[in-house]
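Asker: Shown below is the structure under consideration.
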Amino acid sequence: MKKYILIFIVILLNCLNTEISAQGNLLIFPKRVVFKDKQVKSTITLLNLGEETTTFTVSFKQISMSEDGSLTTITVPDEGQFFADPYLRIYPRQVTLMSKESQTVIVQRRRKRNVPAGEYRSHLYFRSEKKDTALSPQKRDSINEVSFELTPVFGISLPVIFRLGKVNTTATISDLKLNMLVKNTALSFTINRSGNSSLYGDLTIEYYPIKGKPFIVAKTRGIAVYTTIKKRYMSLNLKMLPKMNLKEGSLKVKYTSHKGDEVQKVFAETELLLAD
C-alpha cells in the first residue's frame with residue numbers, strides 16, 4: 001500500500017508543476033524555498049525511496065555560483081551576498097524514515113530589525129547517515145602503510161531564500177553563437193544579471209523559419225543566476241528537425257520565470273539571425 005501511495009504523491013506533484021529533487025534513495029519537494037514577504041514558515045517533504053530504514057541529517061551550507069554555473073561551498077560571503085541561516089530555524093534536524101515513509105521538515109523564518117535590504121540565501125543540506133557500500137575494494141598505500149577505501153556519501157542541497165526591503169533585478173541575453181559540431185549543434189549565449197536579487201527560471205530556444213510557424217528546438221528548466229555573479233555562460237544543444245534550415249530564419253532565446261510561479265515573467269529575450 002505504501003508503494004502505491006508514494007507513486008500517487010509523485011504523480012500528483014508533477015501534475016501540479018512542483019519541482020522535485022532526488023539523490024540516492026531520498027526524494028525531496030519542493031527543490032527550492034522562497035519566502036514571500038509576510039511568510040514565516042515553509043514545509044519540505046522527504047520521501048525514503050529505498051528498501052531500508054535510513055536516517056537523514058539536516059544542516060545549512062553556504063554556496064557560491066561561478067559564471068559557468070558550477071557551485072562551490074564557502075564560509076565567507078562573496079561581494080553582494082547575504083547568508084540566510086542566521087535568520088532561519090529548521091526542525092527536526094534529524095529524520096529517520098522507514099522504507100517508502102515520508103515526513104516533513106519545517107523551515108521557520110525569524111524576523112529581526114535593522115537588517116540590510118537585499119536577498120538572503122543559504123542552502124539546506126540533507127545527508128544520509130547510512131553506511132553505503134564502498135565504491136572500490138580496500139587499497140593499501142605501500143609507502144605510508146595506510147589502508148583506505150572510497151565510500152559514497154549521498155546528499156541533496158536546496159536553496160532557501162528570503163528578500164528584505166527594496167530588491168530588484170534585470171537581465172539581458174548576449175553573445176549568441178551557433179556551434180555546429182560533428183555530433184550535435186548547440187547555441188551558446190550569456191545571461192547578464194544586474195541588481196541585488198537572483199534570477200531563477202526556464203530557458204527556451206525557438207526556430208523561426210522564413211515561412212511557417214516557429215517551433216521549440218531546445219528547452220531547459222530551473223536555471224539560476226545567483227547574486228554572486230553578474231553573468232552566466234550557457235550552451236544548449238538544439239533538436240535538429242528535417243524542416244530546419246540553419247542558413248536562414250532565426251533563433252530566439254527566451255528566459256522566463258519558472259512555469260510554477262504565480263505570475264510568469266519574461267526576464268530577457270533576444271534573437272539570432274541566420275544567414276549564409
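The values are calculated or read from the model by the stated rules, or taken from the named source; none is laboratory data. This structure is a prediction, so every number in the text was calculated from the model and none was measured. Protein only, heavy atoms only, side chains kept; ligands, DNA and RNA dropped before computing areas. Shrake-Rupley method; radii C 1.70, N 1.55, O 1.52, S 1.80 Å.
Asker: For the stretch 69-116, state the average projected area of the convex hull of the C-alpha atoms over all orientations, rounded to one decimal in nm².
Answerer: So the Cα hull casts an average projection of 5.9 nm².
Asker: Calculate one ³J(HN,Hα) per residue across the stretch 106-122 by plugging θ = phi - 60° into the Karplus curve 6.51 cos²θ - 1.76 cosθ + 1.60, and present them in order as whole Hz with x for glycine and proline.
Answerer: Using θ = phi - 60°, the values come out as 9, 10, 10, 9, 9, 7, 9, 8, 6, 9, x, 5, x, 9, 10, 9, 9 Hz.
Asker: Where only protein heavy atoms count, and the probe is 1.4 Å, what is the accessible area per residue for the stretch 157-239 in Å²?
Answerer: I get 50 Å² per residue for this part.
Asker: Now, a different point. Considering only protein heavy atoms, what is the solvent-accessible area of Ile156 at a probe of 1.4 Å, reported in Å² to the nearest 10?
Answerer: It works out to around 10 Å².
Asker: Take the alpha-carbon positions of the stretch 39-130, form their convex hull, and give its projected area averaged over all directions (one quarter of the hull surface) in nm².
Answerer: Over all viewing directions, the stretch 39-130 projects a mean Cα-hull area of 7.4 nm².
Asker: Beyond 20 Å, what share of the Cα-Cα pairs of the stretch 201-276 remains, rounded to the nearest whole percent?
Answerer: That tail contains 37 percent of the Cα-Cα pairs.
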